[in-house]
Amino acid sequence: MSIQEHVSQVQAAIAAAAAAAGRDPREITLCAATKVQSDETIRAAIAAGITVCGENRVQELLAHLEGDAYHGAQVHFIGHLQTNKVKQVVGKVALIHSVDSQRLLQAIDTQAGKLGICQDILLEVNIAGEESKGGCTPQRAWDLAAEAAECAHVRLRGLMAIPPAAHHPGENRRFFQEMRQLYVDIKGKLGDNQSSMDCLSMGMSGDFTDAIAEGATLVRVGTALFGPRPPMGHSSAVGAL
Ligand SMILES: *Cc1c(COP(=O)(O)O)cnc(C)c1O
């Protein structure tokens, strides 16, 4: 199948999941998780209708920016972000999904201040409490949301989560429900200050329809668009395809 067909298929699945949940499909953004893809593949995905690309690794982000691969689409940073790499990302992406500590939040605010911009961010929540993963606890998300509201150069747009890989339909629904509730609660509690909260980023190839049923406004999809990836850590893959 061509990328065009994969994109159409995923878009149709998003529309069907939205309709089943009584939601307007236009509320849901499809973010293509482009890790390990080449400039050429990214361009083909954008030509096929992808409007948002999500990058995991700073190195790949910079290489694709250099190659002008994202032309015609927005870029988001969806991977773990180290504080010492903040300078390389702030101002270059429309949204950083993975803010999970005060240190990272402050570093982003400082860098955005230097550039004279306001950086849009999401707080990443480790909703399943997995030790191996980034993200803050739901409890901590409250503090970080309040701290973000005090940052002059950061705008909190919402929350993001990466639950465990789903092997069966429905498996992650309770995590998605918890995320949705946390999102609604934080948004409500922070009031007018946080009227900028409009994004709940959750759902991947294995579970995006469940995420949509539970209120996701952005789904991050890789495999269902681009096919299986080589095992992580091997080919650095930029330009390898
Ligand atoms: C790779 C990745 C995705 C997409 O995963 P698939 O299962 O391939 O759809 C989504 N979010 C993040 C943060 C990722 O790293």
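The values are calculated or read from the model by the stated rules, or taken from the named source; none is laboratory data. Bear in mind the structure is a predicted one, so any value in this text is a computation, not a measurement. No Cβ is skipped: glycine too gets one built from the backbone with ideal geometry, and neighbour counts run over all protein chains shown. Note: areas computed on protein heavy atoms with side chains; ligands, DNA, RNA excluded. Shrake-Rupley method; radii C 1.70, N 1.55, O 1.52, S 1.80 Å.
Per-residue answers, yes or no, for (1) under 18 Å from the mean Cα position of the chain (by Cα); (2) crowded, with 19+ Cβ neighbours inside 10 Å; (3) closer than 20 Å to D109 by Cβ:
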| residue | (1), (2), (3) |
| --- | --- |
| V154 | yes, yes, yes |
| G158 | yes, yes, yes |
| A161 | yes, yes, no |
| A165 | yes, no, no |
| G170 | no, no, no |
| M197 | yes, yes, yes |
| F208 | yes, yes, no |
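If you go through region 1-32 and keep only what is outside any helix (DSSP H, G or I) and either open to solvent by less than 10 Å² (accessible area, probe 1.4 Å) or polar (S, T, N, Q) (or both), you end up with S2, T29, C31, A32.
Where strands (runs of 3 or more DSSP E) sit wholly within region 42-144, those with at least 3 residues that are more than 13 Å from the ligand (Cβ to nearest atom) and open to solvent by less than 70 Å² (accessible area, probe 1.4 Å) occupy 119-125. Of all residues in region 211-227, those being more than 9 Å from the ligand (Cβ to nearest atom), touching a residue at least 60 places away in the same chain (Cβ under 8 Å) and crowded, with 24+ Cβ neighbours inside 10 Å number 3.
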